[in-house]
Each structure stands twice: as structure tokens, then as C-alpha cells.
Amino acid sequence: MLAFSFGAGCSGGGSVARYILVLPAIALALLVAWLMRPWFEPTNVVMVYFLAVILVTLRLGFGPAIITAFVGITAFDLVNVPPFLEFSDSDVQYVFTLAVMLFTAFTIHRLMQRWRDKVSEAAAQERRSSALYHLSAELMDAKDIQVIDAILSRHLAILPASELSAPVGDASDVQQAMQHMAEQAHRHYLLQQQMRQAQLQYESEQLRNTILNALSHDLRTPLATIIGAASSLQDTQAMFAPEARQQMMAVIHDEALHMKGMVQNFLDMARLHSKAAPVQMDWQAAEEIIGNVLQAQHRRQISVRITTSIPNCVPLVRCDGYLLERVLDNLVDNAIRHGHAQHIRLGCEQQGAQLCFFVSDDGCGMSTQDSSRAFEPFTRLSGDNSGTGIGLTICRDIIKAHGGDIWIDAPPGQGTTVYFTLPMPDAAPAVPAEPEAES
Amino acid sequence: MTTDAMQILVVEDDMQLRSMLITSLASFGHLVSATGSAREARSIAAESRLDLILLDLGLPDLDGSELIPLLRQETQAPLIVISARDQEEQKVRCLDAGADDYLTKPFGMSELMARVRSLARRMQRPQKEATLADTIVIGGLEIRLREHQVWLHGEPVHLTPVEFKLLAVLARKAGRVTTHRQLLRDVWGPHAEEQNHYVRIYMRQLRNKLELDASQPRYLLTDPGVGYRLAME
């Protein structure tokens, strides 16, 4: 039995092959009809030819089926219907049989055609939908507008022009559908950007408002002292002993410096939270940074003793020198102002891939409650209302921006030590070698 | 320590600060003229003999760093720029363009007078820069520029050629600041102007050799963010 595959239709080789294959099919049909002749009525034998026509249509196509029909009817007439081996007038009725056979073949052929068309159309639709799906999946991951456009052009280039202009889903053609998707992705991206902007703006507004509130409150106190002292000194009716006069003027100077420090802190805070490169990294020498802080503190003529502990060969560290000085300055100020220290030690030590700085004082330490909240903005020590409460917050933000860590060790009554680390790069910076010459 | 009375020009547009500067300088015996505009500053510089100029960078009609070359056409008087904290780059530009030193607002009078004194001392020497024949003595430090020798408290100190060159550049402008860029250019050449770490490494080496405590230097002082200076006294 020949294996007929319904799926292939007339795709078994070229048209010549199909017409050649008709011959064995017809021969087989003739043989079977001839064998059936002794036992079957002609009405049943003609079914063999019908069957042959149907099978040939399914497998070999309409053209070969026509040949099969003609040959079959002729054979049937000549062999199975008396008078045998000749045509008679009453045989004209078999034209009707032939016509029905042809009609059946034609119908089957048309049905198969329609079915094949539907299958290939469905496959094409599936391909187009799949292309759109892949485009959409890629667009979802796209990070910006150029990437979106690149993805779109890539997908448009993959498909042939015929596919691009074919309809898919509700769209009139694939190209339009793809462009529409890209437009959606654009819009989505822009909306996301806007949202992000709005969020940032909101956050910076919040920060600004908080700073403004704190500023207005915390600057008024030293201002009150300055204005009070200055206006007293101006009052010609007041009589001041020279020491008292000097003291008033010293108070004015001190409070003004205190305000300068506060303003510095707020500006640094705002700068750190702005988007424009807040940290300017450069190679710095630890002993130089510490030295600068000492110099600044001594200029304020403080009575606290400050000593340093810096090993000799600490490599250069990569950091923002100004910001690092602000950290140390804030920590020393805290030790003096809140810790009531008499002696402060500044130093650093290399620990593996990090440089660890410390500011240690012999003051009053902190309660565990205070030290756990110390780095939160606008928190002051319990029972201490001076200062703005952002000194330690700024230190934390600066150290974090450098990729380091900061922590406090302050047992109550035993002094406070603040440690912070800065990552050290693997390679120390090099200088060109000097020729060996005595000076 | 007092200096002789100087003719000082104050270029400052903020009225309060200007009047504070005039009063303070006058109380030390100096003769002060003042203006808030760049144009007037130029004409004063052209007409009078000046010993010192104080120039604020925030002038309304002309940027300080552009005014300096114009002033330098009229006078070689020492020039101190007054700047706010966030004008670092502008400050360094001015120093590179011909200013001699700087002050950062807010500053105290002692800082101002210290700067004025060190610049006045320069005026007491001959006009051009110290020649190679000079020996510079600051406290226990003695630098013999021509012999390439350095003595500290009577003992000779061995410096490598680059270390000495760095010290010499600072010494020729003793009391005044030299920017990082100027140091890199004068010691290592124009191609090295961006290599800040060269200066840091060599300053550390110099301090280790010359200072009692490298983190609290007596002679080799740091001007954070700007450069270095050799102490005057």
C-alpha cells in the first residue's frame, strides 16, 4: 500500500514527477478493478476508480486526477460494462459518472488548497506575532532612547519587506505595529524619566526645607549673642572694665566662628546631596590632612590639648581632601563642644586594604541610646541643645561617599572614639625615579 | 611686628567689608585708597605708586582673574586676592595669573596682617626674584641656593636633587603660596602639571627630613586646596 500523507498535498516533487507517478496509480486501479470483475457488480467496481481519483487528487494534484478520471471511466466502460471493449450509445450515461468524478476531484483539490493556504497563513501570522513578541520583550529591557531605536531598526532589518507589509492582529502591517511598539517604549521611558526627576526634586525640596528650618533656628542663637554683645559695647552709657570688654569681643568672635562652622556644614550637606560630582578625589597625605585640621583648630585658640599619632610610612590615600578635613574638624568640634574633652588624639593606621582614622577624647562618653542614634540628622545628645545635630550626619555621608565606614566607641564616662575607614587602592601612585646624584 | 606705612589699594565692592578693611589697615598706619569697580582700580593703579593691592574676586563689572593681567600692566605691586570658600579654582587661576597670595573670607585681621607683612618684606628686597647667590634663613633652617646645600640647626641635611629643587622653588617665594600647578611645572616640567601626587610624595619626604613633626610643620606649610608655602619667619 502506498503511504499517502495528507499533509504534503501536491508537494511530492515537481509537477513532472507528479504526472509520472500517475501511471502506476492508474495501473494499480485498473488491476484491482480487473480482479474485482468476477465477484462485484459494476456499480461497486466503479468505486475503485472513484477511490483512485480521490487518492490521486490528495497526493498528486488536480491535473493527474483529471487524467485518472478519464482513464478510469474509459477503462470501466470498456472492461466492466457490456458490450465489452467497445463504446455503445448507452455508455453516454457514464459521462455523468465522469463529471461527478471530476467534480469530486475538483472539490477535494480546492479544499486542500484552502486548507494549505490557511495553514501557511497561520504560520505566517505566528511568525509575525512571534517577531512582535520578541521586539516587545527586548524593548522592555531597553535602558534609553538610542537603545530603543537600535532595537527597532534591528528587528525591522531582520524581516523581509513582504513580511513587513503584511497585516498582523489589528494592525494593518507589521512595520507599523513595530513602530507603534517602539513609540510606546519611548513614551514609557520618558514618563519614567519624568517620574524620577519629580522624585529627586521632591527629595531635594524636603532636604532644603529641613535645612532652612534648622538654619533659621540654629543661627538665631549665636546671632542673638553677637547682637547682644555688640550693642552692649556700643552703648556709651555702659561702663565696662577692660577685661569685661575683651571678653565681650571674644564672645562675638567665637559665636561668629561657630556660625561659620554651621553654615559650612549646611553647605557641605547640600553639596553632597546634589547631583554634580560632590566628591573630588585626589591623592592626599594623611599627615597633611590631619595637620591642616590641627592648624585650623589652633587658629581658634582653643584650650584643649590635641596630639597626633600617625605612623611614618602610611601610603597616600585617595580622597576628597577638603571633605576629609571637614569630617575631622566636625569630630574634633564635637569632642570639645559635647564631650567636654581636655585631651584629643587624632591619628590613623593602615589595616590591610583600608586606612583607619580615629578621633579619640577623654571626655564624658555617650549613653548607648545616644550613640545608636548619633548619626541620624538633627539628633542632639540627650540634654544638650547646642549645635545643629548634623555634624555627625555629614561625617557619615562624606565617609559613605568615599566607600568607607564610620562608627563610634563611647562607653559612658570613659571618653569617645570615632573611627572611620577609607579604602586604599591596590597600587600606590608612583613618581619617576631620580638619577643617583649627591646634592 | 610693624612695617613701614604702605600705599594700599583695596578693590572690594561690599561696602561693609570695604570700610572694615580701610579702617583696620589705616589703624596700622597705612595709606589706603579704595574702590568697588574694576575700571576705577585700573586707573588708580596707573596713576599712583602702590605698595600693595587687595582684590576681591566677586567684582560686579569684571572677573578678578581677568582684572589681574590688566592691573599687572600698570603695576608690579604685590597683589592679594580675597575670595569666598567655594572659589577654589578661580583662586588658583588668579595665583597662576600673577596674584601673589590669597585670603579666604571670612578672615581675621591677624591673617590679613600676616600676609601683608610677608609681602612687604619682599618689597624691601631688590625688585627681581632672589638670585641664585642668595642664602635664605628661616629659624633654624638655612638654605644655600647656589651651593645646593641645606642646613638644619647647624647640621647639614642630605636632599636628593628633586627634593632640593622643590625646596628652592618654595624658598624663592618664601612667605607666599606656590600653587600645585606652579610647583609641578617648575620642578618636573609642563607635562607633569596634573600629577598632584608627585608633590605630595616629595613634600612628605622633605618634611620627614626637615620637620620635627611632619603633621605639624614649622617651615613647610600647607595651603589646603591651593598649594604650599615656606614659612617666612
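FYI, it's all coordinate maths here, none of it is from the lab. No experiment lies behind these values; they were computed from the predicted model shown. Heads up, the Cβs are rebuilt from the backbone with ideal geometry, glycines too, and the neighbour counts pull from every protein chain shown.
With each label point set 7 Å from Cα along the Cα-Cβ vector, what nm distance links A:LEU51 and A:MET36? Label at A:LEU51, label at A:MET36, 0.6 nm between them.
Here A:VAL119 and A:ALA198 are evaluated by their C-beta separation; at R0 = 60 Å the FRET efficiency comes out at 0.70. Amide H to amide H distances under 5 Å link A:GLN354 with A:MET424, where only residues 5 or more positions off or on other chains count and H is placed in the peptide plane. Just for chain B, what percent of DSSP beta bridges are antiparallel, to the closest 5? Taking every DSSP beta bridge within chain B, about 50 percent pair in antiparallel fashion. Listing B:ARG115, A:ARG208 from fewest to most neighbouring C-beta atoms within 10 Å gives A:ARG208, B:ARG115. Once the Cα atoms are used to define both axes, helix B:88-97 deviates from the longest principal axis of chain B by about 80 degrees. Projecting the Cα atoms of A:HIS134, A:ILE344, A:MET262 onto the charge dipole of chain A (Cβ charges, centred on the Cα centre) puts A:HIS134 farthest toward the positive pole.
Within 10 Å of the Cβ of each residue in A:309-316, the mean number of Cβ atoms contributed by other protein chains is 2. Each other residue within a Cβ distance under 11 Å of A:THR225 adds +1 if Lys or Arg and -1 if Asp or Glu, for a net charge of -1. If you wrap the tightest convex hull around every Cα atom of region A:111-170 and split its volume per residue, you get 83 Å³. Farthest toward the positive end of the dipole of chain B, out of B:VAL11, B:ALA120, B:THR104, is the Cα of B:ALA120, where the dipole comes from beta carbon charges about the Cα centre.
Per residue of B:45-56, count partner chain C-beta atoms within 10 Å of its C-beta, then hand back the mean as an integer. Please report the intermediate quantities before stating the final value.
Working: counts 0, 0, 0, 0, 0, 0, 0, 0, 0, 0, 0, 0.
Across B:45-56, the average partner-chain Cβ count within 10 Å equals 0.
State whether chain B is rounded, prolate or oblate according to the following rule on the C-alpha gyration tensor (a ≥ b ≥ c being the square roots of its eigenvalues): a/c under 1.5 gives rounded; otherwise a/b larger than b/c gives prolate, and the remaining case gives oblate. Note, shape of chain B comes out prolate. DSSP finds beta bridges in the protein assembly as shown, and of those with both partners inside it, around 65 percent are antiparallel.
Per residue of B:216-229, other chain Cβ atoms within 10 Å of the residue Cβ number 3 on average.
Within chain A, the whole DSSP H helices whose Cα atoms reach 27 Å or more along their own axis and whose mean Kyte-Doolittle score is at least -1.0 are A:15-36, A:93-141, A:174-234, A:242-273.
Amide H to amide H distances under 5 Å link B:ASP223 with B:TYR228, B:ARG229, where only residues 5 or more positions off or on other chains count and H is placed in the peptide plane. Each peptide in A:130-141, A:321-332 receives the mean, over its residues, of other Cβ atoms within 10 Å, and ordering these scores from highest gives A:321-332, A:130-141. Sorting B:MET113, B:MET203 from the fewest to the most surrounding beta carbons within 10 angstrom yields B:MET113, B:MET203. Sequence-distant contacts, meaning Cα pairs under 8 Å at least 6 residues apart, place the relative contact order of chain A at 8 percent.
Which shape class applies to region A:229-385: rounded if a/c is under 1.5, otherwise prolate when a/b exceeds b/c and oblate if not, where a ≥ b ≥ c are the square roots of the Cα gyration tensor eigenvalues? Prolate. Working ranking of peptides A:67-73, A:171-177 by packing, defined as the average number of other Cβ atoms within 10 Å per residue, highest first, is A:67-73, A:171-177.
Over the protein assembly as shown, DSSP H runs of length four or greater, each weighted -39,500 (n - 2.57), average out per residue to a 222 nm ellipticity of -18000 deg cm²/dmol.
Here the label points at B:ALA46 and A:ALA353, each 7 Å from Cα along the C-beta direction, are separated by 6.3 nm in the simple model.
The largest-to-smallest principal axis extents of the Cα set in the protein assembly as shown are 156, 63, 55 Å.
Using alpha carbons only, how many degrees (0 to 90, rounded to 10) separate the axis of helix B:38-47 from the longest principal axis of chain B? That works out to roughly 80 degrees. Ordered by the number of other Cβ atoms lying within 10 Å of each residue's own Cβ, fewest first, B:LEU221, A:LEU111 fall into the sequence A:LEU111, B:LEU221. Each Lys and Arg Cβ is given +1 and each Asp and Glu Cβ -1; about its Cα centre, chain B then shows a dipole of about 640 debye.
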